[in-house]
Amino acid sequence: MSLSREIVATYRGPGAVMRRLLAQGPREDRALMFILAACALFFVAQLPAQARQAHLDGVDPNPLMGGALLGWLVLAPLLFYGLAALSHLIARVFGGRGTGYGARLALFWSLLAASPLLLLNGLVAGFMGPGPQLMLVGLLWFVIFLWFWLRSLTVAEREGQA
């Protein structure tokens, strides 16, 4: 199934999509692609808000965007690898039988699958600025992401191979 179809399918049932991804076997290149694509979309989602802020402050937006690019494409993937390892260790304490790869795939896929809502959040931040609308869209993104991640991690840890 194509990437966009899998993202849409994740909104219907994240567990089934995670089962399909895990059935394809451990492919670290796929997990890396998922987190880099998600981080690239996170960077793009920040651009409208940064352009707005630069315009309101009367400053050049390039340093803001350069810092965000460094943060999202270099530092954030490393932090997400650490978060995935931590979630796997916590799942192990509670009886998880999965692998580190399954925990990484669950987190990375959940971030990528929830990214359309983050792009919407970026547009709201850029066009409307801070306010209840931005908080509502941000909360919606967070809840959806958390649902995807917890459901995917549950599947990865219950059905995974140790």
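Distance from the Cα centre of the stretch 91-162 to that of the stretch 70-87, in angstrom?
14
Show me the trypsin sites (Lys or Arg not before Pro) within the stretch 89-162 that DSSP assigns to loop and that have at most 15 other Cβ atoms within 10 Å of their Cβ. Intermediate values should be presented prior to the final figure.
On the way: sites: ARG92, ARG97, ARG104, ARG151, ARG158; in loops: ARG97.
Those satisfying the criteria are ARG97.
If I compute solvent accessible area with a 1.4 Å probe over the protein chains, what percent of it on the stretch 1-143 is carbon and sulfur?
That share works out to 73 percent.
Using 7 Å Cα-to-Cβ label points, what is the ALA9/LEU89 separation (nm, one decimal)?
3.4
Before rounding to the nearest 500, sum -39500 (n - 2.57) across all DSSP H runs of length at least 4 in the chain and divide by the residue total; then give [θ] at 222 nm in deg cm²/dmol. Display every interim value, and only then the final one.
Working: 8 runs with 133 residues, N = 162.
Estimated from H runs of four or more residues: -27500 deg cm²/dmol.
Which chymotrypsin sites (Phe, Trp or Tyr not before Pro) from the stretch 21-122 combine a DSSP loop assignment with at most 10 other Cβ atoms within 10 Å?
Details: sites: PHE34, PHE42, PHE43, TRP72, PHE80, TYR81, PHE94, TYR101, PHE108, TRP109; in loops: PHE94.
Here the chymotrypsin sites (Phe, Trp or Tyr not before Pro) that fit, given the DSSP loop and packing criteria, are PHE94.
Size of the dipole of the chain about the Cα centre, Lys and Arg at +1 and Asp and Glu at -1 on the beta carbon, nothing else charged, in debye to 20? List each step's numbers first, then the result.
Numbers: 12 positive and 7 negative charges, 128 e Å.
In debye, rounded to 20, the chain gives about 620.
Let me know the whole percent of all Cα-Cα pairs from the chain that are separated by more than 21 Å.
Values: 6372 of 13041 pairs.
Every Cα pair in the chain considered, those over 21 Å come to 49 percent.
The values are calculated or read from the model by the stated rules, or taken from the named source; none is laboratory data. In this text, all values refer to a predicted model and were calculated from it rather than measured experimentally. Heads up, the Cβs are rebuilt from the backbone with ideal geometry, glycines too, and the neighbour counts pull from every protein chain shown. The area values use the complete protein model at the heavy-atom level, side chains included, leaving out ligands, DNA and RNA. Shrake-Rupley method; radii C 1.70, N 1.55, O 1.52, S 1.80 Å.
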